[in-house]
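Q: Just passing along the structure, written as structure tokens.
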Amino acid sequence: MSLALAMQMSSPAPRASRAAPILDPKSLAPFVDPLPIPAVARSHGSRPSPTDPNLQLPYYRIEMRQIDLKLHRDVGQTRLWGYDSLVPGPTFETRAGNGLFVEWVNMLPRTHLLPIDHSLHGAEASKPDVRAVVHVHGAKAPPDSDGYPESWFEPGKSAVYFYPNSQEAAMLWYHDHAMGISRLNSIAGLSGLFFIRDELEDSLGLPGGKYEIPLVIYDRMLTAAGELFYPVSEKPDSPWVADFFGNVILVNGKVLPYLDVEPRKYRLRILNASNARLYRLSRSDGQRFHQIGSDQGLLEAPVELESVLLAPAERADLVIDFAAHRGEKISLRNDTVDVMQFRVLDIRTDDASSLPPKLRPITRIAEAAAVKTRMLSLAEYSDRAGESMLMLLNGTYWHMPVSERPVIDTVEIWSLINLTDDTHPIHLHLVRFQVLDRRRFDRFAYQTSGVLRYTGDAIPPEPNELGWKDTVRAEPHMVTRIIIRFEGFTGRYVWHCHNLEHEDNEMMRPYEVVSAG
Ligand SMILES: [Cu+2]
């Protein structure tokens, strides 16, 4: 992981910066904009439940629209695409077991904001430039409501999806998943949060209400005029680039915002919504904090940390205590770079919230429960000039026949054999899973003879990776093993790398949960 971080830190400046003057974030005054808190989505009436016609469920209608927004006090307006004209989109708030409908409406223009690579599979010039489909990341949703990448719809069209929310409390998020252009739709602004709450979480007395703060963190590149900039390769017919690392980091849609906080405990719900950037987040004062949850909800017990590492799509649920810091300014940092600032008010305040020593019991899935182990390679292919041109899962392209067909209600182990020099955040739709271990192996032996020979000991997951996950960092030159129970629905889903440049260039595969027998 340090390798991956080092690599992205040392990425060369984008070649295409010659084409447009790029905004230097160092020229911007830090901490002049208050941290925005995304508005909560409001339902538009109700519809009968698909499973119980006597039960009415909330019906939401969310329109994707082009909008101009200010990302920083001193930068001109930026043209963006937002759900309900917001970036991030409105936050869904619901409870476990309470189903809801969303009509996702594409009201975007017919011209894309960013350069499309028509040589990528699924993004051919014969297809409309502007296409959208929404996936709620981490949701146990029926296959026809999961946002299959090929189920995109054009401007003027919409899709009604049903989310049963029959799962434990967690911070999920929704984002675009359109085949071949999801990286561009993401940069344009199409993502938002989706909270599921439950009684166990309620009973813990964690900081709530205005003391629970969502932080959606992503990087962008802007022109000096404030418009989005997305780099292109030197090949006019295939402008795809292998990774996007912006030089401007935003939190809830603002560059370097600040938040006034009381001297007490806060719960921070952090999402890495970047295309490719990993963050190692810490406090500028070097003090520790507690992580209480990860992708799919609460950990078994709080984990005390100095920093937390988040790959794209990973979430961290933190409790941070400002009680001893009246009148201080503490920034949240990515390595040594400030991301935002907390200004601790010099006031007295009561704090009735708690940080319980036990959170949610988590039963480890026994390896012996697995009916199948799949060996799945992650590989990158370069052209003659050494430029990355393609990433594949298990050597297979998107369009090839489905090869992963787990049986419903069975357990499998997936061994992610990372042959590349990069961390790949691997996400499976529909399911939650547990991380078993990571282990070094002989890449040469694997690539020449297909033999998997371990060269190191199995490294157990970090304490903050022992909860339920839906995205795992497959580290470079390692085999990362996860254990998964396939439950909820049969049907077609996808698994993919959540580096969106990789996802858009074949690092995504369909999989199908099948009935027994
Ligand atoms: Cu990847």
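The values are calculated or read from the model by the stated rules, or taken from the named source; none is laboratory data. This one's a predicted model, so the numbers in the text were calculated from it and none came from an experiment. Here the Cβ positions follow ideal geometry from the backbone for every residue, glycine too, while neighbour counts run over all protein chains shown. We work out accessible area using only protein heavy atoms, side chains counted, and drop any ligands, DNA or RNA first. Shrake-Rupley method; radii C 1.70, N 1.55, O 1.52, S 1.80 Å.
Q: Name the residue, out of Arg405, Arg438, that is charged (D, E, K, R), in contact with a strand residue (DSSP E or B) (Cβ under 8 Å, 6 or more places away or on another chain) and assigned to a loop (DSSP other than H, G, I, E, B).
A: Result: Arg405 is the single residue among Arg405, Arg438 that is charged (D, E, K, R), in contact with a strand residue (DSSP E or B) (Cβ under 8 Å, 6 or more places away or on another chain) and assigned to a loop (DSSP other than H, G, I, E, B).
Q: Then there is this: Taking the condition over 25 Å from Glu150 (Cα atoms) and in a loop (DSSP other than H, G, I, E, B), does Leu71 pass?
A: yes
Q: Starting from residues that are on the phi < 0 side of the Ramachandran plot and more than 24 Å from the chain's Cα centre (by Cα), keep the ones in region 375-398 and report whichever is nearest to the ligand (Cβ to nearest atom).
A: Taking the candidates together, the pick is Tyr381.
Q: For Arg438, which of the numbered conditions (1) surrounded by 21 or more Cβ atoms within 10 Å (Cβ to Cβ); (2) modelled with pLDDT of 95 or more; (3) within 15 Å of the ligand (Cβ to nearest atom) fails to hold?
A: (3) is the only condition that Arg438 fails.
Q: Checking the conditions here, which among Asp219, Asp202, Asp198 is under 30 Å from Leu345 (Cα atoms), among the charged types (D, E, K, R) and open to solvent by 10 Å² or more (accessible area, probe 1.4 Å)?
A: When all the criteria are applied, what remains is Asp202.
Q: With the structure loaded, tell me whether Ile116 is among the β-branched types (Val, Ile, Thr) and either open to solvent by 70 Å² or more (accessible area, probe 1.4 Å) or not in a strand (DSSP E or B) (or both) or whether it fails that test.
A: So Ile116 fits the description; yes.
Q: Among the residues of region 405-429, which ones are closer than 17 Å to Pro510 by Cβ, open to solvent by less than 10 Å² (accessible area, probe 1.4 Å) and away from the ligand (no atom under 13 Å from the Cβ)?
A: Pro406, Glu412, Trp414, Leu428, His429
Q: Any idea how many residues of region 156-210 are in a loop (DSSP other than H, G, I, E, B), in contact with a Lys or Arg (Cβ under 6 Å, 6 or more places away or on another chain) and closer than 23 Å to Gln291 by Cβ?
A: Here the count works out to 4.
Q: Within region 129-137, does at least one residue satisfy the condition of being farther than 27 Å from Phe229 by Cα and either open to solvent by 10 Å² or more (accessible area, probe 1.4 Å) or modelled with pLDDT of 95 or more (or both)?
A: Looking for residues that are farther than 27 Å from Phe229 by Cα and either open to solvent by 10 Å² or more (accessible area, probe 1.4 Å) or modelled with pLDDT of 95 or more (or both), one finds none in region 129-137, hence no.
Q: Please list, ordered by first then second residue, the pairs with beta carbon atoms under 9 Å, 6 or more apart or interchain, first in region 319-330 and in contact (Cβ under 8 Å) with a residue 24 or more places away in the chain, second part of a loop (DSSP other than H, G, I, E, B) and among the β-branched types (Val, Ile, Thr).
A: Ala323/Thr349; Arg326/Ile347
Q: Residues to consider are Ala368, Ala311; find the one that is open to solvent by less than 50 Å² (accessible area, probe 1.4 Å) and either away from the ligand (no atom under 16 Å from the Cβ) or in contact with a Lys or Arg (Cβ under 7 Å, 6 or more places away or on another chain) (or both).
A: Every option except Ala311 fails the conditions.
Q: Pairs needed: first member in region 149-176, under 24 Å from Asp317 (Cβ atoms) and polar (S, T, N, Q); second member anywhere, open to solvent by less than 10 Å² (accessible area, probe 1.4 Å) and in a loop (DSSP other than H, G, I, E, B); C-beta distance under 7 Å; at least 6 residues apart or different chains.
A: These pairs meet every condition: Asn165/Gly99.
Q: I would also like to ask the following. I need the strands (runs of 3 or more DSSP E) fully contained in region 443-517, keeping only those with at least 2 residues that are surrounded by 15 or more Cβ atoms within 10 Å (Cβ to Cβ) and more than 16 Å from the ligand (Cβ to nearest atom).
A: 478-485, 491-497, 508-513
Q: Go over the candidates Ile37, Ile62 one by one and state the one that is open to solvent by 20 Å² or more (accessible area, probe 1.4 Å) and among the β-branched types (Val, Ile, Thr).
A: Ile37
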